[in-house]
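See below for the structure under consideration.
Values in this text are rule-based calculations from the coordinates and carry no lab data. Keep in mind it's a predicted model, so treat the numbers as computed, not measured. Here the Cβ is made from the backbone with ideal geometry for all residues, glycine too, and neighbour counts use every protein chain on show.
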Amino acid sequence: MHSRQQPLYIYKVMEHRQVIQAANLRLEPCTWRAWAGENQIESLTAAEYAMLFLVAREQGRVVTLDEIGNFLDGASYDVIRALAAKVRKKVGAAAITIRTVHGVGFQLVQNSGH
């Protein structure tokens, strides 16, 4: 019987004990829960949650593709871009945006007017 080892990024996220708040986005890393306003975001995969966690934790700073790839256990740039698109769709109309900095990485920014 083979036991499947969890990706390392799961442990990296779970080590973080503090709630992350960015505008109306709230993440509770130790419970793997996320909210956009009052709505819980329930359909995030572990990799999507980990990417959202990383850019939210570093809010305002551009997180490079290499940093994200390293955090996500060697994910390719194509995988990272696909994850970002899925996360944007699932987060929806929150007061934050995951901005693409082409050729560099991603940045979580607060939408103007919030």
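Quick rundown of the values:
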{"quantity": "Label zone at residue 39 (point 7 Å along Cα-to-Cβ), backbone N below 12 Å, the stretch 81-113", "calculated": "89-95"}
{"quantity": "Selected from 55, 7, 68, residue furthest toward positive end of dipole (the stretch 1-101; charges at beta carbon)", "calculated": "55"}
{"quantity": "Listed residues 77, 16, 98: farthest to the positive end of the dipole of the stretch 8-110 (Cβ charges)", "calculated": "98"}
{"quantity": "In Hz, Karplus ³J(HN,Hα) per residue of the stretch 87-97 (6.51, -1.76, 1.60; θ = phi - 60°; x = Gly, Pro)", "calculated": "5, 4, 5, 6, 5, x, 8, 5, 7, 10, 9"}
{"quantity": "Qualifying GluC sites (Glu not before Pro) in the stretch 6-114, DSSP loop, other Cβ atoms within 10 Å at most 11", "calculated": "15, 38, 42"}
{"quantity": "Fraction of the pair-distance distribution of the chain above 23 Å, Cα-Cα pairs, percent", "calculated": "23 percent"}
{"quantity": "Potential extension, residue 46-residue 66 segment - 0.36 nm per residue separation minus Cα distance", "calculated": "5.3 nm"}
{"quantity": "Neighbour cut-off at most 13 other Cβ (10 Å), DSSP loop, trypsin sites (Lys or Arg not before Pro), the stretch 1-62", "calculated": "4, 17, 61"}
{"quantity": "Relative contact order for the chain, counting Cα pairs under 8 Å that sit 6 or more residues apart, in percent", "calculated": "26 percent"}
{"quantity": "Residue-span extension gain [residue 104 to residue 77] - 0.36 nm each, minus C-alpha spacing", "calculated": "8.7 nm"}
